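Taken together, the values in this text are just the output of simple stated rules run on the coordinates, not laboratory data. Treat the numbers as computed from the prediction; the structure is a model and nothing was measured. Because the Cβ atoms are built from the backbone with ideal geometry, glycine has one as well, and the counts that use them run over all protein chains shown.
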Amino acid sequence: MAEIVAGFGMPHNPGSPALVLRDGPQCETARFYAEMAKELTAAAPDALIVFTDDHFNTFFLDNFPTFAIGIAGATGGPNDQTPMPHYKVPVPGALATHIRTSAIARGFDVALVQDFAVDHAVMVPLHFLTPGMNIPVLPIFINCLAPPLPTAQRCFALGQAVRDAVTSWPQPLRIAAIGSGSFSLEIGGPKIPIGNRAACTPDPQWSQHVQDLLHAARIDDLVAEATTARMLRAGNIGGELLNWIALLGLIGARKPVTILPQHDHGQAFAAWRLN
């Protein structure tokens, strides 16, 4: 039977690979990703589930599913303009099919995506965590950007459905999972101050509050408070919290072993151990 051995939450800023290349391994972003990579190595997973959103690169508004699972032999990316190497990574297709079938049986209309590439939301974390791309990766897409967004309750339940599907997989398999995204971020929108750059953190207090709830394992409170209106007050990318909430549905209400804040950027890095 498969088991879930670790969970991770982290941002996926497209500028991070270039930042680390410029500033070196001692910069904060490099150190925080290195801490996550150390935890991932210790967990020794056979496959990695990534709860991710897409920034209109794999999907667009004429075909933008609320939930989707990538099922293929392999995928690659980034399929956007992120300045980083292009990678190819294996996908555990049989496990992905099993999870999709099980989720549909639980009442989730999960779209099927084949012959696809992924953007920086998947590839930036993998670039730092597993640059050899030797761990198969199963992307589960959640619409975090284009209203109407799914509710936090629905995303948490999706994580629970994925957990049940994983634990019903008949073969021994160690699974880790990532929730990819920020808590407070505005890109190209009206919350950016006049004369400022193209992105900002409109609500660092919300980011701090989210991290306080995570640290205390007050997951029910987080799910209740993460309404669409509240998340989008934290920026037009604030809905990426839903990726973390799906992760929490998968790993359960437990305190992280580490949480590394970047409040000025509206984000954090966190790790959970389950075994």
Sequence of Ile49, Ile71, Ile135 once ranked by neighbouring C-beta atoms within 10 Å, starting from the fewest: Ile135, Ile71, Ile49
Estimated inter-spin distance, Asp212 and Lys38, nm [label 7 Å along Cα→Cβ]: 2.8
Qualifying trypsin sites (Lys or Arg not before Pro) in region 184-247, DSSP loop, other Cβ atoms within 10 Å at most 11: Arg197
Centroid-to-centroid separation of region 215-273 and region 105-127 [C-alpha atoms, Å]: 20
Considering only the chain, percent of DSSP beta bridges that pair antiparallel, nearest 5: 50
Label-to-label distance, nm, for residues given as Cys27 and Ile194 (7 Å Cα→Cβ offset): 3.2
HN-Hα J in Hz across region 141-146 - Karplus 6.51, -1.76, 1.60, θ = phi - 60°, x for Gly and Pro: 8, 10, 6, 9, 10, 10
Mean Cβ neighbour count within 10 Å, used as a protection proxy, ranking 105-117, 203-215 highest first: 203-215, 105-117
Calculated SAXS-style log₁₀ I(q)/I(0) at q = 0.13, 0.21, 0.23 Å⁻¹ - region 1-94, Debye, Cα scatterers: -0.61, -1.39, -1.45
Positive-end residue of Pro78, Ala253, Ile104, charge dipole of the chain with Cβ unit charges: Ala253
Percent of beta bridges antiparallel (DSSP, region 1-114, rounded to nearest 5): 60
Potential extension, Gln153-Asp109 segment - 0.36 nm per residue separation minus Cα distance: 14.3 nm
Computed [θ] at 222 nm, helices only, for the chain once each DSSP H run of length n ≥ 4 contributes -39500 (n - 2.57): -11000 deg cm²/dmol
Placed amide H near Val5: partners under 5 Å, 5+ positions off or other chain: Ile175, Ala176
